[in-house]
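The values are calculated or read from the model by the stated rules, or taken from the named source; none is laboratory data. Small disclaimer: the values here were computed from a predicted structure and weren't measured. As a convention, Cβ positions derive from the backbone with ideal geometry for all residues, glycine included, and neighbour counts pool all protein chains shown.
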Amino acid sequence: MRVVICGGGVIGACTAWFLRRRGIDVIVVERADVAAAASGKAGGFLARDWCEGSPLDALARRSFAIHAQLPEQIAGDWGYRPMTAYSGFVAAGMHRPRSAGSATASSSPSASARWRPPRSFTPKNSPQP
């Protein structure tokens, strides 16, 4: 069997690698370079419980476990390191922190109702028009 994969991003490269491990001939067709677009720019952050409680939970946990095994199976230093991370979200009715470094929420609901996150930003090193 021979499989042609269009795209050498993370999905195409992983599909090719796993198919090849099973003895399937694989050809990857890529317009530019491997991981030249979004896959090469992303931080590669994964979290085991992002899909917790959803129909994708078992798949996400299995994918996380496979990802953790890859450094043992692929030669080279890929920079993989497990770490502890915390996440959160802001929902309607929650208060905005008083300052960037403050963990204390504002006690004024009217202040948080007026606050809106910035719509856009300009990175420090981007060219100005």
ask   = Within segment 51-79, how many residues turn out to be of a type in the set (Ser, Thr, Tyr) and within 14 Å of Cys14 (Cβ to Cβ)?
value = 1
query = Is it true that some residue in segment 41-53 is at pLDDT 85 or above, charged (D, E, K, R) and not in a loop (DSSP other than H, G, I, E, B)?
reply = no
remark   = By residue number, the members of segment 18-56 that are touching a Gly at 6+ places or on another chain (Cβ under 9 Å), within 22 Å of Gln69 (Cα to Cα) and not β-branched (Val, Ile, Thr) are Ala35, Ser39, Gly40, Gly44
inquiry  = Can you tell me which residue is nearest to the chain's Cα centre (by Cα) among those in segment 34-86 that are aromatic (Phe, Trp, Tyr) and under 22 Å from Phe18 (Cβ atoms)?
reply    = Phe45
